[in-house]
Amino acid sequence: MAKMHIKLTVNNRAVEALAEPRLLLIHLLREELGITGPHIGCDTSHCGACTVDMNGKSVKSCTVFAVQASGAEITTVEGLAGADGSLHPLQEAFREHHGLQCGFCTPGMIIRAYRMLQENPNQSEAEIRHGISGNLCRCTGYLTIVRAIRAAAEQMNRAREAAE
Amino acid sequence: MRFSLPAKWEKAETDPRKIEGRTRSPGNELWEECELIPAPFAYHRPQSLQEAIGLLTQPGQHARVVAGGHSLIPMMKLRLAKPEQLIDLQDLSELRGIRSESGAMVIGAMTTQHELIGSELLAASCPIIRETSLVIADPQVRYCGTLGGNLANGDPGNDMPAVMLALGAVYRAQGAQGERDIPARDFYRGIYSTALLDGEILTAIHIPIPAEGHGWAYEKQKRKVGDYATAAAAVVMTMASGICTQAAIALTNLADTPLLAQHAGEALVGSGVDEAVITEAARRAQGITSPSADVRGPVDFRVHVAGVMVRRAIARAKQRAR
Ligand SMILES: Cc1cc2nc3c(=O)[nH]c(=O)nc-3n(C[C@H](O)[C@H](O)[C@H](O)COP(=O)(O)OP(=O)(O)OC[C@H]3O[C@@H](n4cnc5c(N)ncnc54)[C@H](O)[C@@H]3O)c2cc1C
Ligand code: FES
Ligand code: FES
């Protein structure tokens, strides 16, 4: 099938690519663009390891065709750290609170948590658990992930207040 | 504390483009063999409904529309669906939005489950839709999955169809021949078989606004987040001075299609909805189910759970009715 010319923004960088219509967004990111933060865990829309932020929504990039994402703004975990390499408060909190063990789920978890906190910066533990229910972790038992997200939220809220 | 990686790990190649035999990009044999890559298709993104219908009705082509893609793309990956033409409805803003119009809620087919959850208008007039949306899939899927896709899909596991049966919704479809209305109660024919004709697109869903103070509940038994129902029941009912004046009960994933449990609903009307009545309604609802045994359990178990879901849904709807 003829390739299609697509344009999108990935981590604030304009990207153009030629994509067969059946190319999945996760394969475009990982194999064409070398952005390997998003992982392929299940390939069946269940695990959330491939989660990226697309036009302000958390989506499973294994269940979106790259052509559908043409024109979209995508942020992956790689796009969160500052230009100087300083970690995002979520990344810092995951490290501080042992929010990861093997780390396989982490890029998806963090980019999902990022969107969740954009939508509502003050979440209860129950809300956080509901919000990350599309992301599976086989290691941590979620306890430390929830703790890390809460800590990051507090840090981000403090920073916001200080700025106001 | 920071620690440095052993030198041999530092050198390990992590870029899949540079690892021979590992990439699944086009041209690589592995890619062609891989089960979870769809068959080839041509992709279109029409800018108007007319253009979409034109593309959908090209002669000699197997064409499908894609909305959120979260039912269709998994099916395409398994090659259970192999459309030759894929028509993406994402740019058709006329198919989005929630508004109230002469006694009915009108919801565009492309409205996402996430948008249904966030709608104040729906929360006030028809709260069962929010309650149901929250038990569908997970947050990521709900950002993409649309009401129209959930209703047109025809999988008996989809949760919204039963709710639409209970609410007496009407689906509006548009094809080359024009527009027509199909009551939800006449829409479902079998597994993946609906009254929608080839070349028709679901554009909007019209829901008569239930009476002020009505009771509602959607009770769903599932094994985990993101699972389809072992059994689920939707109840919408009205009470006046302690007597039920109107009731509709519908069931999810208990037959090849969603089911309207007409006689079960009738059991409630004219009664105070006490324990004995609830038991009778649950018995009647169970009587019309014909689930298959699957990973969610054997037939007897699923019929049993159906009874439990109906009882719980009626009790909660009664409690909420004013
Ligand atoms: C992990 C996971 C868990 C899920 N769990 C649940 C669950 O618990 N309950 C549930 O109900 N669903 C569940 N789903 C399905 C999800 O809700 C789907 O998104 C939804 O069923 C289909 O909506 P869609 O917009 O993604 O449709 P698509 O996948 O784009 O389309 C589905 C079908 O409908 C057709 N179609 C779509 N829109 C139209 C239209 N406007 N007119 C005519 N035909 C149309 C398509 O051609 C296709 O055949 C789950 C999905 C996943 C991936
Ligand atoms: S790889 Fe996409 S959800 Fe698991
Ligand atoms: S840290 Fe291993 S899967 Fe989450």
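The values are calculated or read from the model by the stated rules, or taken from the named source; none is laboratory data. Given the structure is predicted, the values throughout are model-derived calculations rather than measurements. For neighbour counting, all protein chains shown are included, and Cβ atoms are generated from backbone atoms with ideal geometry for every residue, glycine included. In case anyone asks, the SASA skips ligands and DNA or RNA and just uses the protein heavy atoms, side chains included. Shrake-Rupley method; radii C 1.70, N 1.55, O 1.52, S 1.80 Å.
Restricting the first member to the stretch B:297-313 and to residues that are modelled with pLDDT of 95 or more, and the second to residues that are open to solvent by 60 Å² or more (accessible area, probe 1.4 Å), the beta-carbon pairs closer than 8 Å and six or more apart or on different chains are B:Val299/B:Ser292; B:Val299/B:Ala293; B:Arg302/B:Ala293; B:Val305/B:Gln221; B:Gly307/B:Arg283; B:Val308/B:Gln221; B:Met309/B:Gln221; B:Arg311/B:Thr279. When the stretch B:272-307 is filtered for residues that are closer than 17 Å to B:Val236 by Cα and surrounded by 17 or more Cβ atoms within 10 Å (Cβ to Cβ), the ones remaining, listed by number, are B:Val273, B:Val277, B:Ile278, B:Ala281, B:Ala282, B:Arg284, B:Ala285, B:Ala306, B:Gly307.
Return yes when A:Gln91 is of a type in the set (S, T, N, Q) and in contact with a Pro (Cβ under 8 Å, 6 or more places away or on another chain) and no when it is not. It is false that A:Gln91 is of a type in the set (S, T, N, Q) and in contact with a Pro (Cβ under 8 Å, 6 or more places away or on another chain).
When every residue of the stretch B:105-114 is checked against the conditions, none turns out to be over 27 Å from B:Ala255 (Cβ atoms), open to solvent by 30 Å² or more (accessible area, probe 1.4 Å) and more than 14 Å from chain A (Cβ to nearest Cβ). Scanning the stretch B:194-230 for residues that are assigned to a strand (DSSP E or B) and among the aliphatic types (A, V, I, L, M) turns up B:Ile201, B:Leu202, B:Ala204, B:Ile205, B:Ile207, B:Ala217. Of the listed requirements (1) acidic (Asp, Glu); (2) under 20 Å from B:Val66 (Cβ atoms); (3) more than 11 Å from every other protein chain (Cβ to nearest Cβ), A:Glu73 misses just one: (2).
The set of residues in the stretch B:116-138 being away from ligand 2 (no atom under 16 Å from the Cβ), of a type in the set (Gly, Ala, Ser) and within 11 Å of chain A (Cβ to nearest Cβ) consists of B:Gly118 alone. Screening A:Asn122 on (1) open to solvent by less than 50 Å² (accessible area, probe 1.4 Å); (2) more than 15 Å from ligand 3 (Cβ to nearest atom); (3) not in a helix (DSSP H, G or I) shows it passes everything except condition (1). Of everything listed in (1) within 16 Å of ligand 1 (Cβ to nearest atom); (2) assigned by TED's automatic domain parsing to the domain that holds A:Asn11; (3) open to solvent by less than 50 Å² (accessible area, probe 1.4 Å), the single unmet condition for A:Asn55 is (3). Scanning the stretch B:41-61 for residues that are at pLDDT 95 or above, open to solvent by 50 Å² or more (accessible area, probe 1.4 Å) and not polar (S, T, N, Q) yields B:Arg45, B:Glu51. Listed by position, the strands (runs of 3 or more DSSP E) enclosed by the stretch A:7-113 that each have at least 2 residues that are within 27 Å of A:Gly141 (Cα to Cα) and not hydrophobic (A, V, I, L, M, F, W, C) are A:51-54, A:57-60.
Of the residues contained in the stretch B:46-66, one or more are found to be of a type outside the set (Ser, Thr, Tyr), within 23 Å of the chain's Cα centre (by Cα), under 16 Å from B:Leu196 (Cβ atoms) and within 11 Å of chain A (Cβ to nearest Cβ). Selection of the stretch B:142-154 for residues being crowded, with 24+ Cβ neighbours inside 10 Å and either away from ligand 1 (no atom under 12 Å from the Cβ) or within 14 Å of chain A (Cβ to nearest Cβ) (or both) yields B:Cys144, B:Gly145, B:Thr146, B:Gly149. Checked against (1) out of contact with any strand residue (DSSP E or B) (no Cβ under 9 Å at 6 or more places or on another chain); (2) more than 7 Å from chain B (Cβ to nearest Cβ); (3) within 24 Å of A:Leu100 (Cα to Cα), A:Arg13 passes all but a single condition, namely (3). Taking the stretch B:72-90 as the range and being outside any helix (DSSP H, G or I), facing chain A (nearest Cβ under 9 Å) and open to solvent by 20 Å² or more (accessible area, probe 1.4 Å) as the test, the residues that pass are B:Leu78, B:Gln90. It is to be established whether one or more residues within the stretch A:77-92 are within 16 Å of ligand 2 (Cβ to nearest atom), at pLDDT 95 or above and out of contact with any Cys (no Cβ under 9 Å at 6 or more places or on another chain). Yes, the conditions are met somewhere in the stretch A:77-92.
Among the residues that make up the stretch B:112-135, is at least one of them in contact with a Gly (Cβ under 6 Å, 6 or more places away or on another chain) and within 10 Å of ligand 1 (Cβ to nearest atom)? The answer is yes; a qualifying residue exists. Just one of (1) within 16 Å of ligand 2 (Cβ to nearest atom); (2) surrounded by fewer than 20 Cβ atoms within 10 Å (Cβ to Cβ); (3) facing chain B (nearest Cβ under 10 Å); (4) of a type outside the set (Ser, Thr, Tyr) fails for A:Arg95. It is (1).
The residue that is farthest from B:Gly265 (Cα to Cα), counting only those in the stretch B:222-243 that are touching a Ser or Thr at 6+ places or on another chain (Cβ under 6 Å) and open to solvent by less than 20 Å² (accessible area, probe 1.4 Å), is B:Ala229.
Looking only at the stretch B:136-191, which residues are closer than 15 Å to B:Val65 by Cβ and among the small types (Gly, Ala, Ser)? Passing the criteria: B:Gly145, B:Gly148, B:Gly149, B:Ala152, B:Gly154, B:Ala173, B:Gly175, B:Ala176. Of the residues making up the stretch B:105-140, those that are in a helix (DSSP H, G or I) and not aliphatic (A, V, I, L, M) are B:Gln113, B:His114, B:Glu115, B:Gly118, B:Glu120, B:Ser125, B:Arg130, B:Glu131, B:Thr132, B:Ser133, B:Pro139, B:Gln140. The set of residues in the stretch A:30-52 that are modelled with pLDDT under 95 and surrounded by 24 or more Cβ atoms within 10 Å (Cβ to Cβ) is empty. Tell me, yes or no, whether the stretch A:104-117 has at least one residue that is charged (D, E, K, R) and either over 13 Å from the mean Cα position of the chain (by Cα) or in the same structural domain as A:Ser45 (by TED's automatic domain parsing) (or both). Within the stretch A:104-117, none of the residues are charged (D, E, K, R) and either over 13 Å from the mean Cα position of the chain (by Cα) or in the same structural domain as A:Ser45 (by TED's automatic domain parsing) (or both).
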